[in-house]
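Working notes for the structure below.
The values are calculated or read from the model by the stated rules, or taken from the named source; none is laboratory data. Every value quoted in this text rests on a predicted model; they were computed, and no experiment measured them. Quick reminder, even Gly has a Cβ in these numbers, built from the backbone with ideal geometry, and neighbours come from all protein chains shown. Ligands, DNA and RNA are stripped out before the accessible areas are found, and what is left, the full protein with its side chains, is counted by its heavy atoms. Shrake-Rupley method; radii C 1.70, N 1.55, O 1.52, S 1.80 Å.
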Amino acid sequence: MRPLLIVLCGWLLPLLAFADAASGVTLQLVEGTYRPGDVVELQAEMRRAEYAEFELHVPAHAQLHFVAHTREPVRYVEGVYVQSVLLLLQPMNAGEFELNRITAILEQGGVSTEVALPSVQFTVTSYAAEDTSKTPAVLTGDSFITPKRTVFVLVVIVALVVLSLVVWILLRKQKPAFVELAETLSLSDLVDALEAGEPAEDLIERSLGDAALSMSPSLREALETAAYANRIDVAGLLRALKEEVER
């Protein structure tokens, strides 16, 4: 996996999205041409003359896999407190992506304030990009393949197809959970997984990305913390889930 970079005339061009000036919070996404499996780096930074703490909340996306969530130590630079949070996400498919409803929770003097941040857009290109150009291709000496070479190329292609099929079958046997996913998801499924001690990260991300699944703001915040803050309070999350199910 490689970080996302774009090079234009030898310079990196970061895409900056600015929030409310009073909050001092900005978003930065290093934009570039990248494909499924690359790592998207989304950084939130807060610069304020008065000290405050903040948490970054990014709603789960069905086609983005959470990789890591790191926080840098607070720095005091030229009379300003500087804090940074880095969120790493991995796109699973090609297409247009948009992260919206991003918020930052500021806490100062025991008072919490929610700040809405701008949405972030980026494109994930396919490995097999189609050439839509109408310009005729120039034929070279290599364009004329002899019969023997044709047979060799066909044998190589068949061998690769067979090898890919074997690998795919082995992966299906090792990870059956990714083969047969339930079409519908309920909070009870999360409760069962947590009580059974099974990994619940994927179910949590799917729950947050399911628009048809209704939940209270407090439960959504608890699930977002479990998905993106790299920590799961199993007992507390179970208690919140059971209270939600009983309502």
Counting only residues in the range 70-89 that are touching a Phe, Trp or Tyr at 6+ places or on another chain (Cβ under 8 Å) and surrounded by fewer than 17 Cβ atoms within 10 Å (Cβ to Cβ), the one farthest from G209 (Cα to Cα) is identified as R75
Does D233 meet the test of being at pLDDT below 80, open to solvent by 100 Å² or more (accessible area, probe 1.4 Å) and of a type in the set (D, E, K, R)? yes
Can we say E50 is among the acidic types (D, E) and part of a loop (DSSP other than H, G, I, E, B)? yes
Selection count, the range 188-241, where residues are touching a Ser or Thr at 6+ places or on another chain (Cβ under 7 Å) and farther than 23 Å from E114 by Cβ: 1
Among the residues of the range 194-232, what is the count of those that are of a type outside the set (G, A, S) and not in a loop (DSSP other than H, G, I, E, B)? 17
